[in-house]
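Enquirer: The structure that follows is given in the form of structure tokens.
The values are calculated or read from the model by the stated rules, or taken from the named source; none is laboratory data. Fair warning: this is a prediction, and the values are worked out from it, not measured in the lab. Using ideal geometry, Cβ is built from the backbone for each residue, glycine included, and neighbour counts are taken over all protein chains shown.
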Ligand SMILES: [Zn+2]
């Protein structure tokens, strides 16, 4: 069995070429589909200036919150990288998992559970530290039972998804010499299926969703969607207030599972501002951002499977594992996946920031109301205590959206372009 799954150089070269092709396709498609310029090039440039729209007190509060949360954030991030690095480059995983007994697939599942539990146990106190800071600043409305329940559920979801992937990978590697081919196809399909079912299978584990109550706001929102040419049956309200005071809205799923969700916390904002938030979400829906992101993710997952086949021969000596089909190889696979996730984060953020800016531009085109857009951005930033001037590392690692001052500057630029009074 084991000689059978050892990859000779020729097979590795094939996988390496496939990984290069898939990787290049990913870069080209991402470059062509990312809206690099959400506003027309002739739009006048407006420089973001936090001091123009936020008081000294608001700026100080944003800085204080950033300082209070950055240590636990960076420590947790560092711990994730350290643990993944140890799994991917040392025999630690094989040693820990070598004691497990049972059929191969049971040992693979147990391996995922043991290693995930271990790193999450180490991260737990850092999570509590972060949560204490959220409470200090009035952003959290949870008690420790609620907080622990949420965290355990999200760890459980991660374990289930990871176990499916790793059992499938080991099963394919036990059966096929060129396992990367079915693994690449399987990883792509799993990515698409997971994104499709996410709103109906996973989100209800964390929140209750109910259709927005009938009334003027709902009527106006659905009329706006109609005017925009986006078929929306309902806007859902999530009971986010049992966890946070933060304001948010999002679109998830695609096709039959697509939904626009607003936090119940947002409904206290003036109706025109809620409409602007929904107009932004309609921009995501109209441009198919969730589906596009999912397809790009599927391509990235296929690339990952081929790349894993090509590089595993170098990794296996360091981690003292024979082949990827062995249950003790789970640690190395998890370490590599975790490192790939961390490394791809900044690239995902670059794409996401431009997609978000396009949704902002859409909301301005739809409402033609930059003044309310600016008011809404100010409310979001001060209620959520957003980082108004993140340093470069934070911006690269964490910023999935443009900053509030950048978004406000774009609204002014839109106003100048369209001859609407500049807010
Ligand atoms: Zn958005």
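Matching residues to (1) in contact (Cβ under 8 Å) with a residue 24 or more places away in the chain; (2) over 24 Å from the mean Cα position of the chain (by Cα); (3) surrounded by fewer than 18 Cβ atoms within 10 Å (Cβ to Cβ); (4) away from the ligand (no atom under 16 Å from the Cβ):
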{"position": "153", "(1), (2), (3), (4)": "yes, no, yes, yes"}
{"position": "159", "(1), (2), (3), (4)": "yes, no, yes, yes"}
{"position": "172", "(1), (2), (3), (4)": "no, yes, no, yes"}
{"position": "235", "(1), (2), (3), (4)": "yes, no, no, no"}
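Enquirer: Filtering region 269-291 down to residues that are more than 14 Å from the ligand (Cβ to nearest atom) and either outside any helix (DSSP H, G or I) or within 17 Å of the chain's Cα centre (by Cα) (or both), which residue is farthest from residue 189 (Cα to Cα)?
Expert: Step one: list which residues in region 269-291 are more than 14 Å from the ligand (Cβ to nearest atom), which gives 269-275, 291.
Next, only the ones that are either outside any helix (DSSP H, G or I) or within 17 Å of the chain's Cα centre (by Cα) (or both) stay: 269-270, 291.
Values: 269: 40, 270: 42, 291: 13 Å.
Filtering first and then ranking leaves 270.
Enquirer: What is the one condition in (1) free of Cβ contacts under 8 Å to residues at least 12 places away in the same chain; (2) within 20 Å of residue 159 (Cα to Cα) that residue 334 does not satisfy?
Expert: Failing condition for residue 334: (1).
Enquirer: Looking at region 246-268, which of its residues are assigned to a helix (DSSP H, G or I), within 14 Å of the ligand (Cβ to nearest atom) and surrounded by fewer than 20 Cβ atoms within 10 Å (Cβ to Cβ)?
Expert: To start, the set of residues in region 246-268 that are assigned to a helix (DSSP H, G or I) comprises 255-257, 264-268.
Checking the rest, the ones that are also within 14 Å of the ligand (Cβ to nearest atom) come to 266.
Residues satisfying the conditions do not exist here.
Enquirer: Specify which of the listed residues (42, 12) is loosely packed, with under 12 Cβ neighbours inside 10 Å and in contact with a helix residue (DSSP H, G or I) (Cβ under 8 Å, 6 or more places away or on another chain). Walk me through how you get there before you give the answer.
Expert: On the way: 12 fails: loosely packed, with under 12 Cβ neighbours inside 10 Å.
It is 42.
To keep it simple, each residue is scored yes or no on (1) modelled with pLDDT under 95; (2) within 16 Å of the ligand (Cβ to nearest atom); (3) over 30 Å from residue 105 (Cα atoms).
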{"site": "330", "(1), (2), (3)": "no, no, no"}
{"site": "333", "(1), (2), (3)": "no, no, no"}
{"site": "339", "(1), (2), (3)": "no, no, no"}
{"site": "355", "(1), (2), (3)": "no, yes, yes"}
{"site": "359", "(1), (2), (3)": "no, yes, yes"}
{"site": "362", "(1), (2), (3)": "no, yes, yes"}
{"site": "367", "(1), (2), (3)": "no, yes, yes"}
{"site": "370", "(1), (2), (3)": "no, no, yes"}
{"site": "374", "(1), (2), (3)": "no, no, yes"}
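Enquirer: Does residue 243 qualify as being crowded, with 19+ Cβ neighbours inside 10 Å, within 15 Å of the ligand (Cβ to nearest atom) and touching a residue at least 12 places away in the same chain (Cβ under 8 Å)? Talk me through it step by step, then tell me what you get.
Expert: On the way: crowded, with 19+ Cβ neighbours inside 10 Å: yes; within 15 Å of the ligand (Cβ to nearest atom): no; touching a residue at least 12 places away in the same chain (Cβ under 8 Å): yes.
In short, no.
Enquirer: For residue 322, indicate whether it is farther than 17 Å from residue 84 by Cβ, away from the ligand (no atom under 16 Å from the Cβ) and out of contact with any strand residue (DSSP E or B) (no Cβ under 8 Å at 6 or more places or on another chain). Steps first, please.
Expert: Working: farther than 17 Å from residue 84 by Cβ: yes; away from the ligand (no atom under 16 Å from the Cβ): yes; out of contact with any strand residue (DSSP E or B) (no Cβ under 8 Å at 6 or more places or on another chain): yes.
Yes.
Enquirer: Quick check: is even one residue across region 38-46 modelled with pLDDT of 95 or more and assigned to a helix (DSSP H, G or I)?
Expert: Scanning region 38-46 turns up no residue that is modelled with pLDDT of 95 or more and assigned to a helix (DSSP H, G or I).
Enquirer: Does residue 301 satisfy the criteria of being in a helix (DSSP H, G or I), under 16 Å from the mean Cα position of the chain (by Cα) and buried (at least 20 other Cβ atoms within 10 Å of the Cβ)?
Expert: Numbers: in a helix (DSSP H, G or I): yes; under 16 Å from the mean Cα position of the chain (by Cα): yes; buried (at least 20 other Cβ atoms within 10 Å of the Cβ): yes.
For residue 301, the condition - in a helix (DSSP H, G or I), under 16 Å from the mean Cα position of the chain (by Cα) and buried (at least 20 other Cβ atoms within 10 Å of the Cβ) - is met.
Enquirer: Continuing with this model, one more query. Give me a count of the residues in region 105-131 that are closer than 30 Å to residue 263 by Cβ and either surrounded by 14 or more Cβ atoms within 10 Å (Cβ to Cβ) or within 21 Å of the chain's Cα centre (by Cα) (or both).
Expert: Looking only at that region, the number is 11.
Enquirer: Taking only region 387-405 into account, find how many residues are surrounded by fewer than 20 Cβ atoms within 10 Å (Cβ to Cβ) and more than 19 Å from residue 284 (Cα to Cα).
Expert: Of all residues in region 387-405, those surrounded by fewer than 20 Cβ atoms within 10 Å (Cβ to Cβ) come to 389-401.
If we keep only those that are more than 19 Å from residue 284 (Cα to Cα) as well, we get 389-398.
Total satisfying the criteria: 10.
Enquirer: Is region 87-109 home to any residue that is over 22 Å from residue 324 (Cβ atoms) and assigned to a helix (DSSP H, G or I)? Talk me through it step by step, then tell me what you get.
Expert: Looking only at region 87-109, we keep the residues that are over 22 Å from residue 324 (Cβ atoms), and these are none.
No: region 87-109 contains no residue that is over 22 Å from residue 324 (Cβ atoms) and assigned to a helix (DSSP H, G or I).
Enquirer: Take the conditions in a helix (DSSP H, G or I) and either surrounded by fewer than 18 Cβ atoms within 10 Å (Cβ to Cβ) or away from the ligand (no atom under 16 Å from the Cβ) (or both) and apply them to residue 350. Does it pass? Before you say what the answer is, go through the steps one by one.
Expert: On the way: in a helix (DSSP H, G or I): yes; either surrounded by fewer than 18 Cβ atoms within 10 Å (Cβ to Cβ) or away from the ligand (no atom under 16 Å from the Cβ) (or both): yes.
Yes; evaluated as a whole, the condition is true for this residue.
Enquirer: Further question on the same structure: Residues 304, 345: which one is more than 16 Å from the ligand (Cβ to nearest atom), in contact (Cβ under 8 Å) with a residue 12 or more places away in the chain and closer than 19 Å to residue 172 by Cβ? Working first, answer last.
Expert: Details: 345 fails: closer than 19 Å to residue 172 by Cβ.
That would be 304, the only listed residue that is more than 16 Å from the ligand (Cβ to nearest atom), in contact (Cβ under 8 Å) with a residue 12 or more places away in the chain and closer than 19 Å to residue 172 by Cβ.
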